[in-house]
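A.B. asks: I have a structure here, written as structure tokens, and I will follow up with some questions on it.
The values are calculated or read from the model by the stated rules, or taken from the named source; none is laboratory data. Values in this document were obtained by computation on a predicted structure and should not be read as measured data. Every residue, glycine among them, receives a Cβ derived from its backbone with ideal geometry; neighbour counts consider all protein chains shown. All accessible areas refer to the heavy atoms of the entire protein, side chains included, with ligands and DNA or RNA removed. Shrake-Rupley method; radii C 1.70, N 1.55, O 1.52, S 1.80 Å.
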Amino acid sequence: MKILKSIFFVSILFLCSFFSEAQTKNKTSLDSLFNKIESENKAMGTVSIFEDGKEVYQKSLGFSNLKTNKKPNKTTKFRIGSITKTFTATIIMQLIDEGKLTLNTLLKEYFPEIPNANKITIEDLLRHQSGLANITKDKTIRSWITKPQSRKQMINRFIKNGIDFEPKQKSEYSNTNFIILSYIVEKIDKKSFAKVLKNRITKPLQLKRTEFGKAIKSKNNEALSYYFENNKWNLITIQTNMSAPMGAGAIVSTSHELNVFFNNLFSEKLISEASLKKLMTIKNGLGLGIMQFDFKGLKVFGHDGSIDGFQSYALHIPKKNISIAFTFNGFNTMTMPTVISILDRYFKNDSTLKKKATISLKSEELDVYLGVYSSKTFPAKVTFTKKGNTLFAQATGQPIFKLISPKKDSFMYDAMGIRFDFNLKNKTMELTFGGNKHILKKE
């Protein structure tokens, strides 16, 4: 018995040592990534990673206030933009769990004056398939976005801007949908959206740095935002008044507390199992206030946020019970490549992730694919280069990435599920990403 216990004890020590070493390697790799991002002036802000509900990695970059040389930390507040939509969707699902609302409830029950209110459902709003014009495309937005806005003022703009398509005809991202959802929340709970957020989410989860945003106060450890130009970070002085974006983008938080929220959401602490399943059901690329993409066989759920120069992203991977969030007040690169770089570093030692079956090509066989491809309907040019027997792709303004070949004339950036299919005879390339296809021609 003693021998068995000794073997068991040694095994536990070995496993602990193995996992500790793996975590140290991942941390070193992540530190290397963020140190590079910081040194190249690609971003300023904070990053947090949770595993099984506990923070296993935290990193701060740059400054939250350049004038005072103040650095951000774990409790620095950032505007999180559209990640707010996942909070709003969660509150809506709570109301559904309480029997106060259904996904089929029509908009006319609350705002009959809005175009197509007799056709638009709560689910249409959550899935961005209402057809209501996106308020952020309003031509007069610069004249009012920094000033306090009443519900009446915003509703009048929704009416004036009208519809872009009929409900359920397609999905098209529109902030209007989630502003309306927050107004519906206010009507049902008979409280301001700020108080509903506090009562239903931040107080139960003990989130002390997450709230409905106000004017930024740097002295309260709230980050100012910056843009990079002329080889330096420049202060952004414009601040959106949060009475305008409401449930579409008004929340401020920290990367740490975003992970607390996402971890509790996917642990069914905030909504029922049935509601979570509905929230995660993807149609036309969208869930209910959330998005989903695949990373090496893992389903990743999350949302990005962009407002007044702030750039944020929060995600959760149910299969691994991992949450990752970053909140940046200065961002001089692309969001998704940054997300994929973080995932690549974090999972670099994980042998359970799927690897695509590939074919090997000689260096000279890659020559037929080299060159620049473009299209009038695609916003960037894609350049293909090679190094040895490996093909690389780079879209305008984005990092270069290595491709694998699952079959003849077909290449993939596996981490993001981007595929390039070449038609050498026609000198064209079909780019597939997120269910959308684009035909680009060789220049």
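A.B. asks: Read through the labelled values (1) -0.25, -0.71, -1.22; (2) -0.58, -0.97, -1.22; (3) -0.29, -0.80, -1.27 and report the label of the one computed as log10 I(q)/I(0) by the Debye sum over Cα atoms at q = 0.06, 0.10, 0.13 Å⁻¹ from the structure.
C.D. replies: Given (1) -0.25, -0.71, -1.22; (2) -0.58, -0.97, -1.22; (3) -0.29, -0.80, -1.27, the calculated one carries the label (3).
A.B. asks: A further question follows. Taking Cα pairs under 8 Å and at least six residues apart, what relative contact order does the stretch 331-405 come out at, in percent?
C.D. replies: 24 percent
A.B. asks: Indicate the gyration tensor shape class of the stretch 164-266 (rounded, prolate or oblate), computed on the Cα atoms with a ≥ b ≥ c the square roots of the eigenvalues: a/c under 1.5 is rounded; otherwise a/b larger than b/c is prolate and the rest oblate.
C.D. replies: Judged from the Cα gyration tensor, the stretch 164-266 comes out oblate (a/c at least 1.5, b/c at or above a/b).
A.B. asks: Report in % the part of the accessible area of the stretch 404-443 that belongs to carbon and sulfur, leaving out ligands and nucleic acids; probe 1.4 Å.
C.D. replies: Ligands and nucleic acids excluded, carbon and sulfur give 54 percent.
A.B. asks: Further question on the same structure: With N set to the number of residues, divide the alpha-carbon radius of gyration of the stretch 100-175 by 2.2 N^0.38 Å and report two decimals.
C.D. replies: Relative to the rule-of-thumb radius for its length, the stretch 100-175 sits at 1.11.
A.B. asks: Diagonalise the Cα gyration tensor of the stretch 331-379 and give the resulting equivalent ellipsoid semi-axes, square root of 5 times each eigenvalue, largest first, whole Å.
C.D. replies: The answer is 27, 23, 10 Å, longest axis first.
A.B. asks: From the helices alone, meaning DSSP H stretches of at least four residues, give me the mean residue ellipticity at 222 nm for the chain, per-run term -39500 (n - 2.57), in deg cm²/dmol to the nearest 500.
C.D. replies: -9000 deg cm²/dmol
A.B. asks: While we're looking at this one, here's another question. Given the protein chains as shown and a 1.4 Å probe, how many square angstrom of residue 28 are accessible, to the nearest 10?
C.D. replies: We get 90 Å² for residue 28.
A.B. asks: While we're here: May I ask for the percentage of alpha-carbon pairs in the stretch 337-443 that lie more than 16 Å from each other?
C.D. replies: Here the long-distance tail beyond 16 Å is 60 percent of all Cα pairs in the stretch 337-443.
A.B. asks: Projected area of the stretch 268-362, taken from the Cα convex hull and averaged over every viewing direction, in nm²?
C.D. replies: With the hull built on Cα positions only, its mean projection is 9.1 nm².
A.B. asks: On to the next question. Hey, any idea what Rg/Rh is for the stretch 202-344, computing Rh the Kirkwood way over Cα pairs?
C.D. replies: A ratio of 0.97.
A.B. asks: For the stretch 207-272, what log10 I(q)/I(0) values come out of the Debye formula at q = 0.17, 0.24 1/Å, with one point per alpha carbon and no solvent?
C.D. replies: The Debye formula, applied to the Cα set alone, gives -0.78, -1.12.
A.B. asks: Next question, about the same structure. Can you tell me the relative contact order of the chain? Whole percent, Cα pairs under 8 Å, sequence separation 6 or more.
C.D. replies: Relative contact order comes out at 18 percent.
A.B. asks: Right, here's the next one. May I ask which residue of 105, 144, 154 lies farthest towards the positive end of the charge dipole of the stretch 73-165, with charges of +1 (Lys, Arg) and -1 (Asp, Glu) on Cβ and the Cα centre as origin?
C.D. replies: It is 144.
A.B. asks: Probe radius 1.4 Å, ligands and nucleic acids left out: which of 105, 136 has the largest accessible area, and how do the rest follow?
C.D. replies: Result, largest first: 136, 105.
A.B. asks: Given an 8 Å cut-off on Cα distances and at least 6 residues of separation, report the relative contact order of the stretch 288-368 as a percent.
C.D. replies: After rounding, I find 20 percent.
A.B. asks: Mind telling me which of 51, 211, 40 comes out most flexible in a GNM of the chain, alpha-carbon contacts under 10 Å?
C.D. replies: 40
A.B. asks: Looking at 339, 207, 56, which one has the Cα that reaches farthest to the positive end of the dipole of the chain (charges on Cβ: Lys, Arg +1; Asp, Glu -1)?
C.D. replies: In the chain, that residue is 207.
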